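Notes follow the structure.
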Amino acid sequence: ANENVYLNVLSGEMIISIDSVRSDNHLTLNAEKVYIYPLNSCASGKVFLSMLTNDSILETVSKLGMTRLTNKTITDRKVLLKEISIVKDQGYATELGEFNEELNSVAAPIYDHGDRIVATVSLSGPANRLDEGEINNYVVDLVNTAAEISAKLRK
């Protein structure tokens, strides 16, 4: 993929991108910047929420600030719970204009030796280039990459 790739971790109720590989495209996010995302506004947040038990998901979501960053940001707790359920089933999450109207992302979980999600790997790019159809072209590779990293962490 010729888009930015990020390594993300959970810190409280926020997702922090701790490392990145920058795209060669002229129109990209600034990969040198540290990005911090509310859980309800990004693909990685949905992935981290999906690792919780159903009771913990309900408790955590009930406490979230549900900050609206765009008109597509999920601010309805029931909608977020449905999204988390989908993420649990499919093993990855998408974000379509929820953090920034001009940005789309997809994220997959990285597991440690105890099968806990310790990070995510995500692919992000401008919405006009990385639309939902294009995201679908990268899902298998992204999930496989996350699985390879997970396998190394499990050794």
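Values in this text are rule-based calculations from the coordinates and carry no lab data. No experiment lies behind these values; they were computed from the predicted model shown. FYI the Cβ positions are ideal-geometry reconstructions off the backbone, even for glycines, and counts take in every protein chain you see.
Applying the selection to the range 48-81, what residues are within 21 Å of residue 133 (Cα to Cα) and either of a type in the set (A, V, I, L, M) or free of Cβ contacts under 8 Å to residues at least 24 places away in the same chain (or both)? The one that is within 21 Å of residue 133 (Cα to Cα) and either of a type in the set (A, V, I, L, M) or free of Cβ contacts under 8 Å to residues at least 24 places away in the same chain (or both): 74.
Those helices (runs of 4 or more DSSP H) of the range 45-153 in which 2 or more residues are closer than 20 Å to residue 17 by Cα and among the small types (Gly, Ala, Ser) occupy 132-153.
Here residue 148 clears all of (1) acidic (Asp, Glu); (2) surrounded by fewer than 18 Cβ atoms within 10 Å (Cβ to Cβ); (3) touching a residue at least 12 places away in the same chain (Cβ under 8 Å) except the condition numbered (3).
Being touching an Asp or Glu at 6+ places or on another chain (Cβ under 9 Å) and either crowded, with 23+ Cβ neighbours inside 10 Å or at positive phi (or both) is the filter here, so list the residues in the range 99-118 that pass it. Lay out the reasoning, then the answer.
Filtering the range 99-118 for residues touching an Asp or Glu at 6+ places or on another chain (Cβ under 9 Å) gives 103-107, 118.
Once the filter is applied, which keeps residues that are touching an Asp or Glu at 6+ places or on another chain (Cβ under 9 Å) and either crowded, with 23+ Cβ neighbours inside 10 Å or at positive phi (or both), the range 99-118 yields 104, 105, 106, 107.
Check off (1) among the aliphatic types (A, V, I, L, M); (2) farther than 18 Å from residue 123 by Cα; (3) surrounded by fewer than 20 Cβ atoms within 10 Å (Cβ to Cβ) for residue 96 and give me the number that stays unchecked. Result: residue 96 fails condition (2) only. Scanning the range 37-59 for residues that are polar (S, T, N, Q) and either buried (at least 17 other Cβ atoms within 10 Å of the Cβ) or under 16 Å from the mean Cα position of the chain (by Cα) (or both) yields 40, 41, 44, 50.
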